[in-house]
Structures are given as structure tokens and as C-alpha cells.
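What follows is calculated from the coordinates using simple rules that are stated; it is not laboratory data. In this text, all values refer to a predicted model and were calculated from it rather than measured experimentally. Note that each Cβ is placed from the backbone with ideal geometry, even for glycine, and that neighbours are counted across all protein chains shown.
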Amino acid sequence: MFSLSGHCALVTGGTQGVGLAMARALARAGCRMVLHTLRVDQRAEAAAEACGASGRPAALIAGDLSGETHAAVDQLFRKAIETEPSIDILVNNAGTYIDVDFLEMDVARFEYTFRLNVASGYFLTQAFARRWIDQGTAGRVLFTGSINGLLSEPTHTAYDASKGAVAAMVRSLCVSLAPHRIRVNSLAPGLVATPLTQPVLADPAINAWMRLHTPAGTVPSADVCGAAAVFLLSDEAEHVHGQTLLVDGGMSCWQQPDLPAALRAATANL
């Protein structure tokens, strides 16, 4: 496994789902961890303990990134550097999605999605980049994107737009920050099993359809994102800038899934 020994990472939204999977993988690679959570509760403490099992205690900090962006980001940034002044890796993972038809979307829910999925990561990266440039630190930034930045769903228009914005933002920040020795990339999962997707995957028909629509034929746990995150943040990826790595089992490559023979036969006369 690639080593992150000697590094320290802040992972926003790092106590469940994809964020926790990446945090655990970074900790196993030797990275010291600061996990951001909305609130410090039993689940958050269990996440910190899981990361600490690799040998170094993981710190927890709480903050709501969905509020007014300047205040929310400034507060979290200050908490983070007070907790671990040597943070040189930022993982912008905190996010949300709202399942609502486009014609029913309102400004409040749209802006909430973009504050959490786009603006908070943009300005948190800015805060750390300013600090790293002043210190001469070669920082590393990883955003959590999504296959929804490429493939759309009718009831996820705000989420889809926000994840498309993340992909564009990563390219733009790469151009701005690469000259300062700060690398910016994104990891974009397909459908993986997390607490957020559990209600969807609990429907056998949807679960079967998603497996069918994925060339690899599986809906894996979020752990598949861990090794990819370690690679993108490692020294071995030193020349990887502004990229979005899809971890989707090939879903983004398949325009139309190949229906099983039995299903083709059953629908042949429709």
C-alpha cells in the first residue's frame, strides 16, 4: 500500500459512508487523522476509534458546513488547525443530496445543496491553500465527486448540478494551485452501500437494476473508495493534477445494460 506516513489529513464528513471509508484507509496508510462531523456523538466517536486502531488516535471536530459559508468555513478551519497545526491534506467530503422533482425544487433547498457540496469545499480549500503557501507546504486536496456529475437522475437535479460543479472546480483549482505545489483531485464513486444509500438499496428491484446497470455487476461497500483516495493523495500520484477518478464499476461506460436473456424473451412481444 502507498504510504502517507508523516502526513496529517482533515476529512470533512469523515464519520460515515465514503468519508469514513477514506479516513480509515488514510489512517492505515500511516496518516494522522482529524475527522469533521456535524456533531460529536456515539457514531462519531466509534469512527474516530476505528481510525485510531491503526496506531494513532484520531481527533474529532464538529461543525455545520451548511450554514452561512464564511462563518462556517472560518470556524471549522480554526478548529482544525488548533487541533492539528500540521494538516497538509484536505479531503472535502461533506455533502448532501435532496430527492425532489425539478418542478418542485425551491431556492432554499437548491442553495443548501450548493453551500454544502460546492461552496464549503471551495472556501475551505482557499483557507488551507493560503496557509500552505505562506508555510511553503506542498498541500494535497481531494474532493468527493460523484458519477452524478456525469450521469443524471430526474429527481436529483440540484445534486447532479453540484457534483458537475465539483468536477469543474477541481480542474480550475488545479490550474490556480499547481504552481504552488498544491495538488487538487477528485474521487467520484458510483453507487456504493452507505447509510445514505441503504434505503434505496433495500428495494430488491432497484438493487437488482443497479447491479445490472454496472458492468462489474456489484454494489460494493464504500471501502472501494479507500485505496483510490490513498493513491490520489500519495507521493506516487505527484503528477496527477485536476483529475476526477471514477470508482463506479464501469457504470459510466455503459450506455445501455445488456438485459438477461430471460428478461429479453419475456419482453420480446411488448
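The table that follows gives values for the structure above.
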quantity	calculated
Cleavage-rule hits (GluC sites (Glu not before Pro)) in the range 1-98: DSSP loop, at most 14 neighbouring Cβ within 10 angstrom	GLU68
Estimated distance in nm for a label pair at ARG109 and ALA216, the labels positioned 7 Å out from Cα along Cα-to-Cβ	3.1 nm
Mean separation of Cα contacts under 8 Å (6+ apart) over length of the range 1-99, as relative contact order %	33 percent
Answer label for Rg and Dmax of the Cα atoms in Å (calculated), chosen among (1) 17.9, 56; (2) 19.0, 69; (3) 17.3, 50	(2)
Relative contact order for the range 156-228, counting Cα pairs under 8 Å that sit 6 or more residues apart, in percent	24 percent
Net length gained if the chain between TRP254 and GLU45 were fully extended (0.36 nm per residue, minus Cα distance)	71.3 nm
Relative contact order for the chain, counting Cα pairs under 8 Å that sit 6 or more residues apart, in percent	20 percent
Rounded to the nearest 20 debye, dipole of the range 69-209 from Cβ charges on Lys, Arg, Asp, Glu	720 debye
Net dipole in debye of the chain [+1 Lys, Arg Cβ; -1 Asp, Glu Cβ; about Cα centre; nearest 20]	580 debye
Distance between the range 15-57 and the range 91-147 - C-alpha centres, whole angstrom	20 Å
